[in-house]
1. What is the residue count in the range 344-365 for residues that are of a type in the set (Phe, Trp, Tyr) and either in a strand (DSSP E or B) or in contact (Cβ under 8 Å) with a residue 40 or more places away in the chain (or both)?
2. If a residue has to be at pLDDT below 85 and more than 20 Å from residue 133 (Cα to Cα) to count, how many in the range 81-108 make the cut?
3. Looking at (1) β-branched (Val, Ile, Thr); (2) modelled with pLDDT of 90 or more; (3) in a strand (DSSP E or B), which is the only condition residue 129 fails?
4. Those residues that are β-branched (Val, Ile, Thr) and in contact with a helix residue (DSSP H, G or I) (Cβ under 9 Å, 6 or more places away or on another chain), I need them from the range 182-210; list them, please.
5. How many residues are under 18 Å from residue 356 (Cβ atoms) and open to solvent by 60 Å² or more (accessible area, probe 1.4 Å) if we restrict to the range 395-405?
6. With the structure loaded, tell me whether residue 384 is more than 16 Å from residue 349 (Cα to Cα), in contact with an Asp or Glu (Cβ under 9 Å, 6 or more places away or on another chain) and either open to solvent by 50 Å² or more (accessible area, probe 1.4 Å) or small (Gly, Ala, Ser) (or both) or whether it fails that test.
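The values are calculated or read from the model by the stated rules, or taken from the named source; none is laboratory data. Values in this document were obtained by computation on a predicted structure and should not be read as measured data. Using ideal geometry, Cβ is built from the backbone for each residue, glycine included, and neighbour counts are taken over all protein chains shown. SASA here: full protein model, heavy atoms, side chains in, ligands and nucleic acids out. Shrake-Rupley method; radii C 1.70, N 1.55, O 1.52, S 1.80 Å.
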Amino acid sequence: MKRDKSFGNREIFRVANAKNEDGELQKIIITVSEGSQDKSKSKSKNKNSVTLVPMKSLSFENFSFPFSNSNKIRDALKLQVMPYSVAGNMELFPVVISKNGRSSEGLVWYVSPEELNIPTGLYLNENTIIWPAALGLISQLEYTDGNGVTMYADEENICSFLWQDNRPVLSRWKKFINNNSCDDELDWYDNYCKSQNLERGGEFVIKIPDAEGSDYDLSEIINQSVKICPWLSDVNLSKSVLEGAKGLERNINFLTKVLLWILGVGIIFLSGGIINYIQVQEQAQNLKTRSEKFYRDNFDKEYKGRISNPVTFARNKIAELTRTGTAGHGLDEVLEDFGEVFNENNFNNITIDTVRFNPEGFDCTGSAPDMTTILNFRKSWEARANLSQIDNTQSVPGTGYRFDLRVRW
């Protein structure tokens, strides 16, 4: 469910300590402002609410990264705080304030896990957000351009933020002792700003429970604060957000492992296929080599060329030796035809290098000065055979053209 980012009608609650029937101290939820919602639905599980929590361990810092992916931001921040995690566990909540291209910058909030043990029930649901107690009061510093101190005080806690240009620069917690505690804390800020050369600005202090039932409309104060600082709507220091981020991280890690497993299986199958292909190629080459060797050893030891089909070569050789060709042309007839072709057409400029004879015809390789002579040579065999075909021609510097002629009876 997408969280509603409007704050004009939200109920405001706070967390306080109280003793139960056994005298044990426990946290309870108290209503501060009912907002402008229909009061008959104020305890509906679908209500939108803000719960203010005094957090003793709260701290924050700015971050800036050359990427904006939320998972990458969390991982980078975890690496930054890893050296300090030996002092105790802490949960982090990054909030991106602005993006510039792929880069991003924002605030990361650090909280002790114990601070997140907030009572559950009707008041807390998927639309409830958890804020540090004094965070949503920045609208009350509008008259000082967002510079100054916002302070929240209840029966036991004083929580405060120092702001510069509507950005928090410091958060503090102090135990509430007496009515002078808030003034003492403001005096501390006076000295701190002076020592750090910061703009002291104004101040806004809300004292709980004095504000409960008073003229303060805390819901409207928070609504105006979000309008001034829109990034406040993305702040939610709740377990549900933390568990959602961790669940997403677990899912990503699981899917990464699955993809790596699938990739590993794929590599194994691919490797097996490559090995099998290489073996088949080696077997085919060995068979071809043995066939060529068999042909040379048994039919033509003087033949030095490449034997593309030893079986066909062997059959032709047998037919040549036994003179059992299908058309009845013997070697003497072929040589006679060669003589007639050269005499009739005056092909003195053609040189025949090799003639490979078989009963079905012959193949010859030769050279000629130009393509016209080669085409005429082929045409002169058309009247003497069923097929006369030039299979290959190649230009040779200094010689002219080499050609292969295939003739079949």
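1. Number satisfying all stated conditions: 2.
2. 9
3. In the conditions (1) β-branched (Val, Ile, Thr); (2) modelled with pLDDT of 90 or more; (3) in a strand (DSSP E or B), residue 129 misses (2) alone.
4. Of the residues in the range 182-210, the ones β-branched (Val, Ile, Thr) are 205-206, 208.
Matches in the range 182-210: 205, 206.
5. Selection size over the range 395-405: 1.
6. Judged against the criteria, residue 384 is a match.
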